[in-house]
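**Student:** This is the structure I want to talk about, given as structure tokens.
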Amino acid sequence: MEALSANDVLVAWEMGLHAGPVQRGLQLLCLRFPERSAGQLAQLPIGQRDAELINLRLALFGTQMQGKLGCPNCGELLELNLDGSELRRLGPANNDIVFEAAGHSVRLRLPNSIDVAEAALQPDLEAGRRKLLERCTVSVSQGGDAVSELPPELAEAAVMRLAEADPQADLKVRVSCAVCGHGWEAVFDIVSFLWNEIEAWAVRLLREVHTLASAYGWPERDILAMSAARRQMYLEMVRG
């Protein structure tokens, strides 16, 4: 990945301001792969997408990741400290998942961003899960004869196979509450985590641009072209 400019990241942030989570994830992924279209990147399995977003985060902000999380047992707000380099899981061997259950032969493919976006349009979580499985079911047969759809009794088995094949897509981190001692596995969503970091960075940077433009009359493009160290030096002089 080529070095990203401050303006590159600002443009991605601005384009994702009014977008949903899936679109934001793709917008950020375009930063990592500027030579590829959002449509091409939308075809990546979710686990591969998330692994590349973790790589983008490491490149932008380093390995240390900090956040806050409420304990589901006592409600205490906890500080979450993670090593980003430890969040990457081994990718799936392939996108073709086949299993036998209840006399049926089922072939699945891993969900991608388009599938997740379609599932998110459904009226509730259960309908969303059904839509996701419907889209990711390549074929179902019984005794050699094709079956039109995945039988409901095989839904749990299909979900389990998808999760096993792509562990990066359902990343969990072990958390323990220092107050009540409760331990649990919390889902880690790299899209929302990275987006929140970029949004905080963008707001801070635009405030710096405003301060320097007001003090010196410089255009935004010139201020953004400066290194962070040079901008900070000018800010210190302005603030006295």
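**Student:** Could you go through segment 161-170 and let me know if any residue there is surrounded by fewer than 17 Cβ atoms within 10 Å (Cβ to Cβ) and more than 19 Å from D83 (Cα to Cα).
**Tutor:** yes
**Student:** For segment 171-189, does any single residue satisfy the condition of being in a helix (DSSP H, G or I) and either without any contact (Cβ under 8 Å) to a residue 12 or more places away in the chain or surrounded by 13 or more Cβ atoms within 10 Å (Cβ to Cβ) (or both)? I'd like the intermediate steps shown before the answer.
**Tutor:** Of segment 171-189, the ones in a helix (DSSP H, G or I) are none.
No, the conditions are met nowhere in segment 171-189.
**Student:** Could you list, ordered by first residue, the pairs with Cβ atoms under 7 Å in which the first is in segment 1-30 and in contact (Cβ under 8 Å) with a residue 12 or more places away in the chain and the second is part of a helix (DSSP H, G or I) and of a type in the set (D, E, K, R), at least 6 apart or interchain?
**Tutor:** Correct list of pairs: M1/R32; W13/E199; G16/R24; G25/R49; L29/R49; L29/E52.
**Student:** Quick one: which of L110, L154, L171 is of a type outside the set (G, A, S), farther than 14 Å from I46 by Cα and not assigned by TED's automatic domain parsing to the domain that holds L29? Working first, answer last.
**Tutor:** On the way: L110 fails: farther than 14 Å from I46 by Cα; L171 fails: farther than 14 Å from I46 by Cα.
Answer to the selection: L154.
**Student:** Mind listing just one residue for me: the one in segment 136-153 that is within 30 Å of G25 (Cα to Cα) and among the aliphatic types (A, V, I, L, M) and, of those, surrounded by the most Cβ atoms within 10 Å (Cβ to Cβ)?
**Tutor:** Top of the filtered list is L150.
**Student:** Looking only at residues that are over 31 Å from the mean Cα position of the chain (by Cα) and surrounded by 12 or more Cβ atoms within 10 Å (Cβ to Cβ) in segment 217-232, which one is nearest to D8 (Cα to Cα)?
**Tutor:** In the first step, residues of segment 217-232 are kept if they are over 31 Å from the mean Cα position of the chain (by Cα); the result is 217-219, 222, 230.
Now narrow it down to the ones that are surrounded by 12 or more Cβ atoms within 10 Å (Cβ to Cβ): 218, 222.
Values: W218: 19, D222: 14 Å.
Per the stated criteria, the residue is D222.
**Student:** Among the residues of segment 212-240, write down those that are closer than 19 Å to N7 by Cβ, assigned to a helix (DSSP H, G or I) and in contact with a Phe, Trp or Tyr (Cβ under 9 Å, 6 or more places away or on another chain).
**Tutor:** Scanning segment 212-240 gives L212, Y216, I223, Y234.
**Student:** Scan S148, S227, S141, S214 and give me the residue that is in contact with a Ser or Thr (Cβ under 6 Å, 6 or more places away or on another chain) and either hydroxyl-bearing (S, T, Y) or assigned by TED's automatic domain parsing to the domain that holds K68 (or both).
**Tutor:** Numbers: S148 fails: in contact with a Ser or Thr (Cβ under 6 Å, 6 or more places away or on another chain); S227 fails: in contact with a Ser or Thr (Cβ under 6 Å, 6 or more places away or on another chain); S214 fails: in contact with a Ser or Thr (Cβ under 6 Å, 6 or more places away or on another chain).
Every option except S141 fails the conditions.
The values are calculated or read from the model by the stated rules, or taken from the named source; none is laboratory data. The structure displayed is predicted, hence computed values, not measured ones. Don't worry about glycine lacking a Cβ; one is built from the backbone with ideal geometry, like all the others, and counts go over all protein chains shown.
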